[in-house]
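Asks: Mind looking over this structure? Questions follow.
The values are calculated or read from the model by the stated rules, or taken from the named source; none is laboratory data. Since we're looking at a predicted model, the values are computed, not measured. Glycine gets a Cβ as well: all are built from the backbone with ideal geometry, and neighbour counts include every protein chain shown. Ligands, DNA and RNA are stripped out before the accessible areas are found, and what is left, the full protein with its side chains, is counted by its heavy atoms. Shrake-Rupley method; radii C 1.70, N 1.55, O 1.52, S 1.80 Å.
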Amino acid sequence: MLPETCGSSLFLALPDDVFAIISRSLSLKDICNLSRCCKSLSALVASEKIWLSQCDVVGIVPTRDLVEWREGVVSYKALCRFLVRVKPLIGIWVHQNPELGNVVYVMPGFVSVVGCRIIPQELGPLGIEDGPILWAPVFEIIGDFDGSTTFLLHGREKGCDFLYPGLVESVEQNCNVLLLEVEPREKRNGCKLLPSKSFTHHSTEEISRKVCRSNSGLSRSQQVAGRNEAVVPFSRLAFGDRRTLLETVTGQVRLMVTDSIREPLFPRLREDAENFQKDLILLLQRRSLLLQMYKFGSDDSCTDLNESTAISAGPIQLELSDIRKSLDRSSSSSTSLNGDDGQTHGNNRKSIGGYFRASIKQILRKSSSLNGGRAMSRLNSSSGENRHALLHDFLNSGDTIGLTLHATKMKLSAYRAWPNMHDTQFALYKLPMRVPKEDQEYAGLWGGTFGWPPGRPTEDKPGKALFFLLLSYEETDGKRSLIATKILEGTHYVLHPNGSAMFIVNIDEPSLDPFPWDSDADSHPVSVKHAFMGEGIANGYGFRYPGSKPGSLFVIENGLLAFIWKESRVVLTLQRLNLQDLLKKGEQVPALPPVANFSYLTKSYSNVFAGFSNTSTCSSSLRQRHI
């Protein structure tokens, strides 16, 4: 090979389209290293075609969607930065409570990913494909113009919808736990004051208590590097302190949701071409408004917002300097937290600082009652260990405080594909999705109802409870089993807890039982491909320890699965689900209050979303305004 065609000259001689194809075989690290070799290669790697190929390699959305998303960022390189960061979040996340099912599906939106909770519900006469699936928004992560991330928690309080801005703290590539936390940070230069209507009626005491937005994306460990004091993780606080902090912060950073930003969160199916294009226009406008609100606040939540009180870019942070000062004075102060001494009744103008100082004192008083005894025992204990950290120490870790979303990898045990969860963490847990392959062709998410023909209502039961099952394979002592784990059921009161195995079949043991029906819902003849022996869930010893009874799993030619209990002839009919398409055809319903909306920790056996079942038309009526 001639010298002039060696090294960088070889790459530079290639057309952009050819090098873009080659770059698909390179990692992002390789491409970045190429850009550092010389100016010519740096210019070549900066090509939009190269980064479009890399965005396509990430695989979150198809190429035609990438072209539309490009309108919202400065370059494909910025878009790639966003896609790489949020890719680990895509998938199904769950929590044990409520036992009917707490399924949050994270899917692409528009230069964003959206966490949508599937509401436990009954299936109407239109079936799964054509009947609207009810869902509620949990959170959004929006890509800014430079590819950075913006976190928005959804929630509803006193009949109004709100957004609660925060930071995406970190996203580990193999994350399996999603945590909602509060994190202290160092105050950044340029932080301004934000007076809020929600603060004006609490106190007249003028202290320099501020609400600021920090544009820092650095972690707390980075920001306090070099400080002598130890950083106290949020997870080390007592459960009551963590809950109170989350409720306090969300109550103050919230932004009112107006009609202009209410929806859509993602476009409808592309097959509906006219409405799809309308949705893209609305999504572009909505995204611009959301980024504006995130950086500068909202007129609905602020008063006297001018140049002197403008907010710097970044999520809302509550400043802690005056709180730490108030801690030193609290022991000698004789003012009652619940009395009238801290208020001036003749003055209608109340300050931000007084309210927050009183609020944090209340939190600290509760924390003291929970942790004070432990602190004393620590002093008197030979081990010097303390189970929970003090809230005072946590607040001393920074100058400001705000919401964070943290996606991390934890070592979790599991039973039949269902993770064992911590009952005091504000968290969601990711379900491992198995990709169907030749020897595991039935793996993945399936949904359906009891009865045959599938989804057909009867006069006594106009709607049937919708079940979501995660099918996975397990091999023990050379025996291959297919396990159907329940993750959602649409009954009014739970029949089987989350994580229950609705049926387990032996893939290597054929069933000789005949299929009881000759035709399907459309009177077409039923053709059975395979049948396997197994056992289905039955009433047993207590709620947590169900028994099982023999049955058979039938694989039908049209892609359906049907498990039939042999004795009762009860049938559970399933079909493979595409949650993204179902949600795009679904109906949005109101969310829960913010903290419970992210992670519902209260043990419940009934449908906590039942009150929203009659609101399924709210989304469609709102959409009609834009058609």
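Asks: Take P98 and tell me if it is part of a loop (DSSP other than H, G, I, E, B) and farther than 30 Å from L52 by Cα. Give the steps one after another, and end with the answer.
Replies: Working: part of a loop (DSSP other than H, G, I, E, B): yes; farther than 30 Å from L52 by Cα: yes.
Yes, satisfied.
Asks: Which ranges mark the helices (runs of 4 or more DSSP H) fully within segment 217-318 that have 3 or more residues being at pLDDT below 95 and among the aliphatic types (A, V, I, L, M)? Walk me through it before giving the result.
Replies: On the way: elements: 220-223, 239-253, 259-262, 273-296.
Once the helices (runs of 4 or more DSSP H) in segment 217-318 are filtered for at least 3 residues that are at pLDDT below 95 and among the aliphatic types (A, V, I, L, M), what remains is 239-253, 273-296.
Rundown of residues vs (1) of a type outside the set (D, E); (2) buried (at least 19 other Cβ atoms within 10 Å of the Cβ); (3) free of Cβ contacts under 8 Å to residues at least 40 places away in the same chain, yes/no style:
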| residue | (1), (2), (3) |
| --- | --- |
| P132 | yes, no, no |
| A136 | yes, yes, no |
| D144 | no, yes, no |
| E157 | no, no, no |
| C160 | yes, no, no |
| Y164 | yes, yes, no |
| V177 | yes, yes, no |
| E183 | no, yes, no |
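Asks: In the set L592, L574, which member is in contact with a Gly (Cβ under 6 Å, 6 or more places away or on another chain) and within 30 Å of V138 (Cα to Cα)?
Replies: Working: L592 fails: in contact with a Gly (Cβ under 6 Å, 6 or more places away or on another chain).
Answer to the selection: L574.
Asks: Go through segment 572-582 and report how many residues are surrounded by fewer than 22 Cβ atoms within 10 Å (Cβ to Cβ) and of a type in the set (A, V, I, L, M).
Replies: Looking only at segment 572-582, we keep the residues that are surrounded by fewer than 22 Cβ atoms within 10 Å (Cβ to Cβ), and these are 575-582.
Cutting the leftovers down to of a type in the set (A, V, I, L, M) gives us 577, 579, 582.
Total meeting the criteria: 3.
Asks: Another question about this same structure. Which residues, counting only those in segment 12-52, are in contact with an Asp or Glu (Cβ under 7 Å, 6 or more places away or on another chain) and either among the hydrophobic types (A, V, I, L, M, F, W, C) or outside any helix (DSSP H, G or I) (or both)?
Replies: Quick first cut of segment 12-52, residues in contact with an Asp or Glu (Cβ under 7 Å, 6 or more places away or on another chain) only: 47, 49.
S47 - this is the single residue of segment 12-52 that is in contact with an Asp or Glu (Cβ under 7 Å, 6 or more places away or on another chain) and either among the hydrophobic types (A, V, I, L, M, F, W, C) or outside any helix (DSSP H, G or I) (or both).
Asks: Does L79 meet the test of being open to solvent by less than 50 Å² (accessible area, probe 1.4 Å), modelled with pLDDT of 95 or more, out of contact with any strand residue (DSSP E or B) (no Cβ under 9 Å at 6 or more places or on another chain) and in a helix (DSSP H, G or I)? Outline the logic, then answer.
Replies: Working: open to solvent by less than 50 Å² (accessible area, probe 1.4 Å): yes; modelled with pLDDT of 95 or more: yes; out of contact with any strand residue (DSSP E or B) (no Cβ under 9 Å at 6 or more places or on another chain): no; in a helix (DSSP H, G or I): yes.
No: the conditions fail for L79.
Yes/no matrix, rows are residues, columns are (1) at pLDDT 95 or above; (2) under 30 Å from K158 (Cα atoms); (3) of a type in the set (F, W, Y); (4) open to solvent by 50 Å² or more (accessible area, probe 1.4 Å):
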position: P516; (1), (2), (3), (4): no, no, no, no
position: S523; (1), (2), (3), (4): no, no, no, yes
position: V555; (1), (2), (3), (4): yes, no, no, no
position: F563; (1), (2), (3), (4): yes, no, yes, no
position: E587; (1), (2), (3), (4): no, yes, no, no
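Asks: Which members of segment 382-424 meet the condition of being open to solvent by 10 Å² or more (accessible area, probe 1.4 Å), assigned to a loop (DSSP other than H, G, I, E, B) and touching a strand residue (DSSP E or B) at 6+ places or on another chain (Cβ under 7 Å)?
Replies: H388, D399, M410, L412, R416, A417, N420, M421
Asks: Could you figure out which of (1) of a type outside the set (V, I, T); (2) farther than 17 Å from F467 by Cβ; (3) in a strand (DSSP E or B) isn't true of L592?
Replies: (3)
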